[in-house]
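Have a look at the structure below before the remarks.
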Amino acid sequence: MTRSSGPLPLWPRIAYSAFFAVWLPAYWLYYGPQSFLWLCNTANFLILVGLWTQSRLLMSWQAVGLLAVEAGWISDFAARLVLGFHPVGGTEYMFDATIPLGMRSLSFYHAALPPLLLWSVRSLGYDRRALWWQCGMTWLLLPISYFWFPERNLNMVHAPFHRPLVVLPAQAWFAACFALYPLALYWPVHLLLARWSAAPLRAVT
């Protein structure tokens with residue numbers, strides 16, 4: 001695992017650890033342990049490790065996997081607040097009064113992660129292996145989500161944004177996810193981060 005020669009400040013690690021200490025038991029008790037199979041929730045574990053180990057690979061990996069997803073989450077949530085509808089989908093639960101406000105508030109980590117990840121990549125540099133690690137984790141979690149927890153539609157493996165499929169059979173959509181996630185969500189972010197990162201890749205064991 002690669003590390004930066006210049007450590008990140010201590011305060012973001014402490015702040016993220018405090019959030020994680022609340023988020024982990026709350027999600028476990030309310031949503032169940034299966035909820036951690038969501039790619040964005042799995043990322044929280046890796047980000048925690050990446051911050052404390054100063055890992056360029058881990059932080060780059062999570063940036064590739066999350067930046068496009070979180071941009072969609074923020075856009076959908078903001079549009080619902082301002083315009084009154086969900087143009088993308090995926091944040092309907094944030095306006096569900098049956099879910100406790102405290103649980104919904106914890107989901108604002110989706111809005112906090114992009115600046116944290118961009119700052120980390122800017123500070124540590126970008127590791128180009130991140131794309132393949134993210135693809136590998138995705139290809140591992142997709143079949144687990146599809147076959148073991150079909151009732152949850154984890155990672156949208158049964159339908160996009162919990163909307164009924166009207167064109168593709170469910171099996172075809174599931175198969176398409178293996179290509180759509182990398183091509184639509186990860187590859188563009190990988191290209192942008194490779195250009196944007198100020199620090200060159202240096203393998204420091």
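The values are calculated or read from the model by the stated rules, or taken from the named source; none is laboratory data. Everything quoted here is computed from the prediction, not taken from an experiment. So basically every Cβ, Gly included, is an ideal-geometry build from the backbone, and we count neighbours across all protein chains shown.
Data for the structure
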{"item": "Any chance S105 is under 21 Å from Y16 (Cβ atoms), out of contact with any Pro (no Cβ under 8 Å at 6 or more places or on another chain), part of a helix (DSSP H, G or I) and polar (S, T, N, Q)", "result": "yes"}
{"item": "Filtered residues of the range 109-147 (kept if among the hydroxyl-bearing types (S, T, Y) and in contact (Cβ under 8 Å) with a residue 40 or more places away in the chain)", "result": "Y109, S120, S123, Y126, T138, S145"}
{"item": "Subset of the range 130-160 [part of a helix (DSSP H, G or I), closer than 24 Å to V88 by Cα and touching a Leu at 6+ places or on another chain (Cβ under 7 Å)]", "result": "T138, L141, S145, L154, N155"}
{"item": "Residues that are out of contact with any helix residue (DSSP H, G or I) (no Cβ under 8 Å at 6 or more places or on another chain) and modelled with pLDDT under 75, drawn from the range 152-173", "result": "R163, P164, V166, V167"}
{"item": "Filter result for M94 (free of Cβ contacts under 8 Å to residues at least 40 places away in the same chain, buried (at least 18 other Cβ atoms within 10 Å of the Cβ) and assigned to a helix (DSSP H, G or I))", "result": "yes"}
{"item": "Count of residues meeting criterion [in a helix (DSSP H, G or I), loosely packed, with under 15 Cβ neighbours inside 10 Å and among the hydrophobic types (A, V, I, L, M, F, W, C)] in the range 108-118", "result": "2"}
